[in-house]
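So the structure is just underneath, and the comments pick up after that.
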Amino acid sequence: MASGRDTTVKGLQAKLGNLAESEYFTPPATKPAGPENDAEYAVKGLDSLADPAFHNAPLDITDWPHDRLRGFLHRMLTIRAVEERLGELVESGDVVCPVHLAIGQEAIPVAVSHHLTPADRVFGAHRSHGHYLALGGDIYQLFAEVLGRADGCSRGMGGSMHLFAPEVGFMGSVPIVAATVPVAVGAALAAKMDKGDAVAVSYFGDGAAEEGVVHESLNLASQMNLPVLFVCENNLYASHMDISQRQPSDSTARFAQANGIPHAVIDGNDVAGTARVAGEMITAARNGGGPSYLEAVTYRWRGHVGPDENTDVGIRRSTAEIAAWKRRDPVARLVAAMTSRGDMSGNEPGAMADAIRDHVDDCAARALEAPYPENSALMDLVYAGSPTPASGGR
Ligand SMILES: Cc1ncc(C[n+]2csc(CCOP(=O)(O)OP(=O)(O)O)c2C)c(N)n1
Ligand SMILES: [Mg+2]
């Protein structure tokens, strides 16, 4: 390195960290005088929803029957067990594709999927294992996909960030940030033209909300009154930068407001509350009410990519912050509410988690033994007319 520049990944990450911590990304202590200081133009923030000291009590489950809540718990535990196992497989070197874990965010897709059927059209992005699993996507095929095996849900050609399970309504995830948002709007237009009651769902992050195409999509969906639910999983980070360094408000719902779309900003770690609001929005979309925007505030326990916690790259996340958010654990809060109402006895949640982990481990073990695709399959699935995973069998 004649120039003395450090171009290693660690070096570049250190540089990114320095830049991100520089004055350019430090929000002003007081906002400059201007229309944004007028009440009429006030930009609402997340307030206590972004503070893990709040919203960590047991959930309000008053209106929810026991078996529904058990179903929520089972799905959330499944997502967590799968992602923990995937993290181990990254650490052991068995998984070589980038893996973005959503441990801590499980409640949102479980709550939303509760109201969906396979006729609906759901789209995700780079952090979508939970979106796929919450709809009932096959666990073995997910492991096989992330391990690059021929049995994978995308035939082992896509890896963690290209999941596809049309049999449960999951129409695809794509890691180009925000790329599936307009595709979901197109699917909603198709659903409307079909004159049925199917809806589209678009999951995206707070970082994606900074992409221009999201704003075009919101505008079009509003103007055409399309049956689409925008679900912004606001985990307060895009890669290694906190939202306070990227946007003048930590809430993205103002973009829906600007486009005349009904919106709600909620605790995304409350599966019962999220399901209640998502249900109202999806029902409205099915009945011709057009689009809605659900901003669900949450936090990912692991780093941007891979199993570690990102306490040493980019904007370093403090261990205290991570620990505080773990006290807003969507799983533990549901368990606490169910046990205090008498829905579950002391050791039942643990037994359920153990049984799920056994099944997940079995799926992972089978996937590790599964064959890779043949080299001759490389050009399959590239052009229209080639066999698709849905039609070509698995
Ligand atoms: C168009 C585009 N720009 C940048 C990236 C790199 N990138 C991948 S994920 C990500 C952050 C996304 O943040 P957010 O939408 O909040 O989702 P999260 O990772 O928090 O779930 C970025 C910038 C990309 N994949 N695509
Ligand atoms: Mg984010």
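Separation between the GLU84 and ASP60 pseudo-spin-labels, each 7 Å from Cα along Cα→Cβ, expressed in nm?
3.1 nm
By how many nm would the segment from ASP308 to GLN223 grow when fully extended, if each residue of separation counts as 0.36 nm and the alpha-carbon distance is taken off? Could the numbers behind the result be given before it?
Details: separation 85, 0.36 × 85 = 30.60 nm, distance 4.26 nm.
Value of the extension gain: 26.3 nm.
Find the accessible area per residue for the chain; the probe is 1.4 Å, ligands and nucleic acids are left out, and the unit is Å².
Numbers: 17510 Å² over 394 residues.
Using a 1.4 Å probe on heavy atoms only, each residue of the chain averages 44 Å².
Which whole DSSP H helices in the chain pass both tests: a Cα extent of 30 Å or more along the axis and a mean Kyte-Doolittle value no lower than -1.0?
Span-like helices here: 66-91, 348-369.
Assigning unit charges at the beta carbon (Lys, Arg +1; Asp, Glu -1) and nothing else, what dipole magnitude in debye, to the nearest 20, does the range 58-368 show about its Cα centre?
Values: 26 positive and 38 negative charges, 89 e Å.
The dipole of the range 58-368 has a size of about 420 debye.
Considering the options ASN287, CYS153, PHE123, tell which one lies farthest towards the positive end of the dipole of the range 58-368, charges being +1 on Lys and Arg and -1 on Asp and Glu at the Cβ, about the Cα centre.
Of the candidates, ASN287 comes out farthest on the positive side.
Length gain on complete extension for the stretch ALA332 to ARG366, per 0.36 nm per residue less the alpha carbon to alpha carbon distance?
Working: separation 34, 0.36 × 34 = 12.24 nm, distance 2.99 nm.
Fully extending the segment from ALA332 to ARG366 adds 9.3 nm.
Based on the Cβ-Cβ distance from ASN375 to ASP94, what FRET efficiency comes out when R0 is 22 Å, to the nearest 0.05?
Once rounded, the FRET efficiency stands at 0.60.
Run down the aspartates and glutamates and flag those whose C-alpha is under 14 Å from the C-alpha of LYS195, throwing out any fewer than 8 positions away in its chain.
Once the sequence-local aspartates and glutamates are set aside, what remains near LYS195 is ASP120.
Label-point separation (nm) for GLU216 and ARG276, each offset 7 Å from Cα along Cα-to-Cβ?
3.8 nm
Taking all protein chains in place and a 1.4 Å probe, what share, in percent, of the accessible surface of the chain do carbon and sulfur account for? Intermediate results must be reported in sequence, preceding the final value.
Numbers: 9650 of 17510 Å².
C and S fraction of accessible area: 55 percent.
If each residue of separation counts as 0.36 nm, what is the full-extension length gain between ALA190 and THR8 once their alpha-carbon separation is subtracted? Provide the component values of the computation, followed by the final result.
Working: separation 182, 0.36 × 182 = 65.52 nm, distance 4.65 nm.
Contour length minus Cα-Cα distance gives 60.9 nm.
For a protection proxy built on the mean count of beta-carbon atoms within 10 angstrom, sort 94-101, 225-232, 346-353 highest first, please.
Working: 94-101: 18.2, 225-232: 26.4, 346-353: 13.5.
Top of the packing list down: 225-232, 94-101, 346-353.
Rank PHE72, LEU334, SER345 by how far each Cα sits towards the positive end of the charge dipole of the chain (+1 on Lys, Arg Cβ; -1 on Asp, Glu Cβ) and give me just the farthest.
Farthest along the dipole direction, towards plus: PHE72.
Could you give the radius of gyration (one decimal) and Dmax (whole number) of the Cα atoms in the chain, in Å?
Cα-based Rg and Dmax for the chain come out at 21.2, 69 Å.
Could you list the GluC sites (Glu not before Pro) in the range 314-384 that lie in coil according to DSSP, counting only those with at most 13 other Cβ atoms within 10 Å of their Cβ?
Numbers: sites: GLU321, GLU369, GLU374; in loops: GLU374.
Answer in residue order: GLU374.
The values are calculated or read from the model by the stated rules, or taken from the named source; none is laboratory data. Computed from a predicted structure; not experimentally measured. Don't worry about glycine lacking a Cβ; one is built from the backbone with ideal geometry, like all the others, and counts go over all protein chains shown. Surface areas here come from the heavy atoms of the whole protein model, side chains and all, with no ligands, DNA or RNA. Shrake-Rupley method; radii C 1.70, N 1.55, O 1.52, S 1.80 Å.
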